[in-house]
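Notes follow the structure.
The values are calculated or read from the model by the stated rules, or taken from the named source; none is laboratory data. Quick caveat: nothing in here was measured; it's all calculated off a predicted structure. Cβ placement follows ideal geometry from the backbone for every residue including glycine, while neighbour counts extend to all protein chains displayed. Note: areas computed on protein heavy atoms with side chains; ligands, DNA, RNA excluded. Shrake-Rupley method; radii C 1.70, N 1.55, O 1.52, S 1.80 Å.
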Amino acid sequence: MDQVGHDAVTPLDAAREYVRRGWCVVPIPYKQKRPVIKEWEQLRLAEDELSQYFDQPANVGLILGEPSGNLVDVDLDCVEARAIASNYLPVTGAKSGRAGAADSHWWYVAGGARTVQHRDPVTRKMIVELRSTGGQTVVGPSIHPSGQQYDVLTGEPAVVPAEMLTACVEALAKRVIELRHGDTDPVAASGNGRTDAVVRTGSHLDRTTKHQSTSDVESRALAYLDKLPPAISGNGGHAATYTAATVLVHGFEIDPEHALTLLLDHFNPRCEPPWTEKELRHKVTSAATKPHNQPRGWLLNQQWEQPIDTGVDISALVGQAEGKVPTVRATEREPPTDSADDPGPIPTELLRVPGFISEVMDFSLATAPYPNQPLAFCGALALQAFLGGRKVRDQADNRTNLYLLSLAHSSSGKDWPRRVNTRILHAIDQANALGEHFASGEGLQDALYVRPAMLFQTDEIDGLLQSINKAKDARYEGILGTLLTMYSAAASVFPMRRKAGKERGETIEQPCLVIYGTAIPTHYYAALSERMLTNGFFARMLIVEAGKRGEGQEPKIADLPPRILETATYWANFNPGKGNMGNFFPIPHIVHYTDEAQSLLIDARRHCEAQYAKAEERGDPVGMTVWGRTNEHIRKLALLYSISANHREPSIDADAANWATQFATHQTRRMLFMAQSHVADNPFHAECLKLLKKLRDAGGRMGRNKLMRTMHLKMADFDQIISTLLSQGDINSVEIPTKTKSAFGYQLASEIRHDEG
């Protein structure tokens with residue numbers, strides 16, 4: 001921050017510069033801090049009017065908030081706040097202060113921010129204040145009453161969301177209180193039953209009481225919760241619960257942690273089934289950080305029974321309490337709650353299918369330099385899917401075509417299952433059905449026109465997705481379009497493009513495209529976009545993580561087992577069609593369900609439909625897309641199980657149905673969790689996810705300096721990410737014990753809650 005002396009810049013010079021920057025100024029008597037002009041908040045001095053006020057000894061004040069383009073000031077009123085401010089506040093290019101209180105004012109542009117004061121609950125002295133509309137701050141070259149000179153405000157204030165800045169200031173104040181008073185409750189210790197968070201609207205002050213179970217505010221909030229009829233609180237509605245949290249946190253200005261307690265004690269017992277504490281905590285956190293259309297504390301001076309139009313559907317809930325029937329509408333897009341809990345990697349017991357698939361797996365594991373069960377399983381499953389292509393189907397006409405993806409790190413043995421498959425297909429004279437590269441959508445169509453059943457084994461899935469996201473030509477879009485359409489055409493006809501010189505385009509009868517892809521995990525998820533998640537490509541894939549590289553073994557040259565060759569040859573020669581045209585117009589053999597299996601598959605379908613409905617209710621397009629395909633995956637996998645267990649007389653029995661259901665539903669939840677944890681909406685979000693992953697990999701916490709080194713970012717960018725995650729409640733600041741002294745760092749919020757539990 002440049003400090004300019006009083007002799008160098010006059011009050012008039014400074015006032016002119018401030019006005020040129022779009023800020024409104026107010027004259028203040030020399031060596032004073034408050035204006036004496038009545039209704040100064042309405043003062044809008046033009047540049048040619050400034051001389052009559054500032055061409056003399058005077059102090060200069062900046063009118064904050066809306067009049068000055070949403071300019072706001074974070075005033076750090078104590079030594080502790082100034083010392084740790086950089087750990088909590090967003091980075092900004094504009095700071096000011098005076099001798100003895102350098103950089104005590106941090107400046108931002110935050111539309112909609114409101115003035116909030118945070119005082120020590122014991123000493124009653126100010127800790128930090130966020131000043132906005134209705135307030136003003138003295139700036140240089142003004143003179144403080146003590147005779148010290150203020151810095152002239154230069155530099156560019158950072159543009160930040162109001163909700164984020166408010167949360168950062170609150171977090172800073174809480175940390176100062178912790179440093180002063182330790183782990184004891186300073187509110188209880190003070191005997192006044194309240195913390196001093198004061199919210200200012202214009203020139204009016206509203207005091208918020210917190211942690212006071214018998215307060216009038218809490219009594220009214222409890223009356224609101226208790227008035228909600230069972231039909232509302234018992235329907236498990238995401239929107240209704242989110243709205244209740246919004247009423248407590250914003251309408252009644254109750255601290256989020258205390259709001260969570262109220263919901264658990266007074267709202268949750270009437271929900272059927274009750275929310276978990278983690279689910280309710282998410283809704284309270286979202287309500288505390290998401291914007292809405294009402295001013296904070298709008299219910300403090302109202303009776304809640306009155307109909308209120310809030311923009312977050314509060315009026316709808318109040319209407320229910322009065323016996324009215326409102327239309328409930330969700331106003332925020334909830335994350336996929338049903339998939340938010342990580343089910344973990346696929347259990348090893350689900351990586352076994354009797355018969356051909358296990359036999360190919362065992363051969364691959366026995367001969368691989370680095371055996372890996374998930375990789376061997378995916379390779380064998382893909383081979384079985386290809387061999388059964390256009391030859392079998394179930395009663396619902398589901399086919400064996402799959403898009404399989406194994407996620408594994410470099411040098412972990414990704415290539416070995418592909419080599420085993422190539423060797424088997426070469427031995428049965430089917431090597432010309434193998435593909436490796438997707439040159440173009442047209443090329444893929446031409447290949448399947450010649451060989452309607454093909455197995456593409458590729459290590460370029462992540463590269464393909466990156467090319468689709470970044471390329472400007474239509475070639476990569478054509479590949480994606482062909483992959484999406486070809487998958488769905490397995491039981492019908494794929495219409496090819498019409499080529500030059502031909503009156504009509506050709507068709508591919510019942511194409512069976514099986515993809516066995518491999519990719520590096522971080523590269524794959526970085527290549528995905530929200531568009532990819534919702535256009536159906538992600539939902540069509542079965543994704544299996546290979547985990548750590550297996551223990552090495554001495555590779556061996558071994559002949560293909562006779563049983564594998566016998567089964568593979570059977571499939572190569574099996575022709576369910578009629579006559580010479582059977583290869584062109586096949587009539588696949590129908591594999592029937594047993595009665596028990598059909599009952600299990602019906603239950604599985606209903607479960608998938610219920611998950612789809614929940615995703616639809618909370619406005620989650622990714623969850624809808626993925627759960628919309630899960631039942632189809634279950635049917636395909638059950639079919640593959642049956643033809644692997646008995647290729648000559650297959651039947652989809654209860655074992656096939658149970659395995660397929662467990663495998664597909666587990667992988668759906670895992671895919672949704674991984675997408676939520678890795679797929680970013682934009683580059684900044686990607687860096688936020690990267691930092692959270694660094695903390696997870698480090699056991700949940702890490703020192704600030706070490707974390708900054710691992711992120712490889714500029715300090716300003718790093719601090720912006722930290723500020724965002726702090727405000728969202730994803731991380732918390734912690735003291736980390738070391739051999740010498742405690743280090744300042746960050747910890748995942750979930751880890752803190754786990755430790756406290």
_Among the listed pairs Lys556/Lys693; Lys283/Lys690; Lys278/Lys739, which have their C-alpha atoms separated by more than 28 angstrom in this model?_
Lys556/Lys693; Lys278/Lys739
*Expressed in nm to one decimal, what extension gain is obtained for the pair Val159 and Asp595 from 0.36 nm per residue of sequence separation less their Cα-Cα distance?*
150.6 nm
*Cα centroid separation - the range 84-152 against the range 597-666, whole Å*: 59 Å
_Near-label residues of the range 26-53 by backbone N, under 20 Å of a point 7 Å along Cα→Cβ of Asp13_ = 26-28, 30-31, 47-53
*Once Lys and Arg get +1 and Asp and Glu get -1 on their Cβ, which of Asn59, Tyr18, Gly69 lies farthest toward the positive end of the dipole of the range 1-73?*
Asn59
*For the range 520-676, just say rounded, prolate or oblate: build the C-alpha gyration tensor, square-root its eigenvalues into a ≥ b ≥ c, call rounded for a/c under 1.5, and beyond that prolate if a/b exceeds b/c, oblate if not.*
oblate
*Sticking with the crude label model, points 7 Å out along Cα→Cβ, report the distance from Ala743 to His712 in nm, one decimal please.*
2.0 nm
*Using the Cα gyration tensor of the range 76-171, with a ≥ b ≥ c the square roots of its eigenvalues, what is the shape: rounded (a/c below 1.5), prolate (a/b larger than b/c) or oblate (neither)?*
oblate
*Grab the Cα-Cα distance for Ser86 and Arg423, subtract it from 0.36 nm times how many residues apart they are, and report the gain in nm with one decimal.*
115.3 nm
_Restricting to Cα atoms and excluding each atom paired with itself, what does the Kirkwood estimate give for the range 356-474 in Å?_
15.6 Å
*asked:* Going 7 Å from the Cα of Glu66 along its beta-carbon direction, which residues of the range 122-152 have the amide nitrogen within less than 14 Å of the resulting point?
replied: 132-135
_Treating only the Cβ of Lys, Arg, Asp and Glu as charged (+1, +1, -1, -1), what charge dipole size does the range 541-674 show about its Cα centre? Round to the nearest 20 debye._
320 debye
*Hey, what's the range 680-738 come to in accessible area per residue, 1.4 Å probe, Å²?*
51 Å²
*Taking the Cα centre of the range 1-95 as origin, work out the dipole magnitude from +1 charges on Lys and Arg Cβ and -1 charges on Asp and Glu Cβ, in debye rounded to 20.*
140 debye
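Packing-wise, with mean Cβ within 10 Å as the measure, how do 48-60, 394-406 rank, highest first?
By packing density, highest mean first, the sequence is 394-406, 48-60.
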*asked:* With only alpha-carbon pairs counted, each pair once and no self-pairs, how large is the Kirkwood hydrodynamic radius of the range 1-136 in angstroms?
replied: 15.9 Å
*Could the peptides 115-127, 688-700 be put in order, highest first, of the mean number of other beta-carbon atoms found within 10 Å of their residues?*
115-127, 688-700
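For a quick protection proxy, order the peptides 456-463, 733-740, 510-517 by their average other-Cβ count within 10 Å, most packed first.
The most tightly packed comes first, giving 510-517, 456-463, 733-740.
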